[in-house]
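Novice: Before I ask anything, let me first share the structure, which is written out below as structure tokens.
The values are calculated or read from the model by the stated rules, or taken from the named source; none is laboratory data. Just so you know, these numbers come straight off a predicted model, no measurement behind them. Note that each Cβ is placed from the backbone with ideal geometry, even for glycine, and that neighbours are counted across all protein chains shown. For accessibility, only protein heavy atoms count, side chains too; no ligands or nucleic acids. Shrake-Rupley method; radii C 1.70, N 1.55, O 1.52, S 1.80 Å.
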Amino acid sequence: MLYKSEEHFSLMGSVDDYIAQAIDRLNSDDIGAAIQMYREALKLDPSDPTALTGLGAALDESGELESAIECYRKALKAAPDDVIARSGLGVVYEQQGNIDLATKEYRAALSLDQQTAFLHIAYARDRHKKSLIREKEGYESKVKELEERIDRYASTTEAVDRDVAEDFPK
């Protein structure tokens with residue numbers, strides 16, 4: 001069930017319920033709602049590694065890289081062998097351009113479970129690429145809007161200049 005206000009979240013129940021809702025939201029690209037659901041789960045269990053890892057992924061996707069790192073580190077403190085948290089941390093470091101730390105985390109994840117690490121790294125990179133494409137499309141839309149405003153402004157100023165010129169011939 002979907003809830004519209006935060007006071008209704010307390011009716012949902014367990015950490016697992018919140019995590020399931022968060023995953024649904026993340027998969028439907030409702031990142032803000034996913035973040036909220038993960039945070040609700042963490043109110044019930046602040047050290048739940050699955051909720052921390054999920055929140056890290058959602059924060060990464062929303063561009064909050066430092067907060068994502070913090071969540072992944074907390075998840076790894078609670079579950080040092082969490083392949084998803086370790087590879088997710090690597091992806092965030094990669095996005096920041098920190099190749100040494102990204103490589104370190106990828107190697108650690110791969111040493112724990114190669115298949116899961118490879119799949120998660122590919123998945124996280126793909127979601128990041130899609131979020132960049134959405135961001136680019138947003139900018140392109142804004143540029144188009146600004147170009148239209150510039151054209152309207154140019155037309156308006158030309159009309160004003162013509163009207164003024166009629167009143168003040170040379």
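Novice: Among the residues of segment 115-170 satisfying the criterion of being of a type in the set (A, V, I, L, M) and in contact (Cβ under 8 Å) with a residue 24 or more places away in the chain, which is nearest to Ala57 (Cα to Cα)? Walk me through how you get there before you give the answer.
Specialist: First, the residues of segment 115-170 that are of a type in the set (A, V, I, L, M): 117, 119, 121-122, 124, 132-133, 143, 146, 150, 154, 159-160, 164-165.
Filter once more, keeping what is in contact (Cβ under 8 Å) with a residue 24 or more places away in the chain: 117, 121, 124.
On the way: Ala117: 14, Ile121: 11, Ala124: 8 Å.
For segment 115-170, the residue satisfying everything is Ala124.
Novice: To continue, here is another question. Considering only residues that are in a helix (DSSP H, G or I) and among the polar types (S, T, N, Q), look in segment 50-67 and name the one that is nearest to the chain's Cα centre (by Cα). Don't jump to the end; show me each part of the working.
Specialist: Taking segment 50-67 and keeping what is in a helix (DSSP H, G or I), we get 50-61, 65-67.
Imposing the further condition that a residue be among the polar types (S, T, N, Q) reduces the set to 50, 53, 67.
On the way: Thr50: 17, Thr53: 13, Ser67: 11 Å.
Ranking the candidates gives Ser67 first.
Novice: So how many residues does segment 55-67 have that are among the charged types (D, E, K, R) and either open to solvent by less than 30 Å² (accessible area, probe 1.4 Å) or in contact (Cβ under 8 Å) with a residue 24 or more places away in the chain (or both)?
Specialist: Summing the residues that are among the charged types (D, E, K, R) and either open to solvent by less than 30 Å² (accessible area, probe 1.4 Å) or in contact (Cβ under 8 Å) with a residue 24 or more places away in the chain (or both) in segment 55-67 gives 2.
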